[in-house]
1. Comparing Phe212, Phe58, Phe177, which has the greatest mean-square fluctuation in the GNM of the chain with Cα pairs linked when under 10 Å apart?
2. Taking a cut-off of 16 Å between Cα atoms, list the aspartates and glutamates near Lys169, but don't count ones fewer than 8 places away on the same chain.
3. Pull up all non-local amide H partners of Cys63: gap of 5 or more, or a different chain, and H-to-H distance under 5 Å with H placed in the peptide plane.
4. Within 14 Å, Cβ to Cβ, of Ser41, how many net charges do the neighbouring residues add up to if Lys/Arg are +1 and Asp/Glu are -1?
5. Taking semi-axes √(5λ) of the Cα gyration tensor in Å as the quantity of interest, determine which of [x] 33, 20, 17; [y] 27, 23, 18; [z] 33, 24, 14 was computed from the displayed structure.
6. Counting only residues 5 or more places away or on other chains, whose amide H sits under 5 Å from the amide H of Glu215 once H atoms are built in the peptide plane?
7. How many Å² of accessible area per residue for the chain, probe 1.4 Å?
8. In percent, what relative contact order does segment 36-115 have, based on Cα pairs under 8 Å that are 6 or more apart in sequence?
Amino acid sequence: MLRVKAALLFLAVAVTAHADWTIRSAHSEPGRAGIVHRQVSLEDSETNDSATIDLAVFSTKSCTLRVIDQPAPPRTDLAQVMRQERCLAGVNGGYFDPDYAPIGLLISDGKMIAPLQRARLITGMLAASPREVQILRVREFSRQQKFNAAVQCGPFLVDQGRSVRGLEKTRTARRTFAAVGSVNRAALGFCSDVSLAELAKILATTRLADDFRIERALNLDGGSSSAFWVAHESGAFSIPEQKTVRDFVGVVPK
């Protein structure tokens, strides 16, 4: 009897230890130029915590990324900039200091605005060339590559389809991220309050869209900077930022 109880206890602990985020509901809304807005509600079966992720999933064959910089005031919000620049979807971009100077590499419309930096947090970059959209580690970046758009940020959330280890587990906040996958698919996304470790786990272990398996994902500036916007076939969906930011990443047709 003791052995049976011990076995049952071990099984219960094992199930709890491997508890995952599960999808409670999901909804897709067609956007323009083949973009799909995917909204997914999730629940952690261990803690009963909940989260909502919004994704703008697009084909890198028909769309690419543009970094839209706001070097001087008056700086406006994501929704207004996306409409003015005729973007299909977008999020806030990289980190900036109290004087709104960008922290890390920033390339907008083919022009380098700020140089590459080597620091513990900003370990990757989201970059777009005429051929492809990539998420690169800093060590993979080459000055010989010609990027039309790039923003250095971090930390890495997913690499080779697996969540990155050692991410912060306790501090929750709104999150913005970029992701790339197989078959020429990429996405910009927003997540409600979660830790970096939980976001990485969600992105690596949950199939958020049927045709999109995430290979790499990179955290962008989060917290009160986080914002998300996507144009639907009629109207638009918007999650506004809570403070003014320096730059945005927009999806545009090729």
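The values are calculated or read from the model by the stated rules, or taken from the named source; none is laboratory data. This structure is a prediction, so every number in the text was calculated from the model and none was measured. Cβ placement follows ideal geometry from the backbone for every residue including glycine, while neighbour counts extend to all protein chains displayed. Note: accessible area is taken over every heavy atom of the protein model, side chains too, but ligands, DNA and RNA are not part of it. Shrake-Rupley method; radii C 1.70, N 1.55, O 1.52, S 1.80 Å.
1. Top of the fluctuation ranking is Phe212.
2. Partners within reach: Asp20, Asp44, Glu46, Asp49, Asp193, Glu198.
3. Lys254
4. Net of charged neighbours comes to -3.
5. Given [x] 33, 20, 17; [y] 27, 23, 18; [z] 33, 24, 14, the calculated one carries the label [x].
6. Val180, Gly181, Ser182
7. Values: 12580 Å² over 254 residues.
Each residue of the chain exposes 50 Å² on average to a 1.4 Å probe.
8. Numbers: 71 pairs, mean separation 15.7, N = 80.
Relative contact order comes out at 20 percent.
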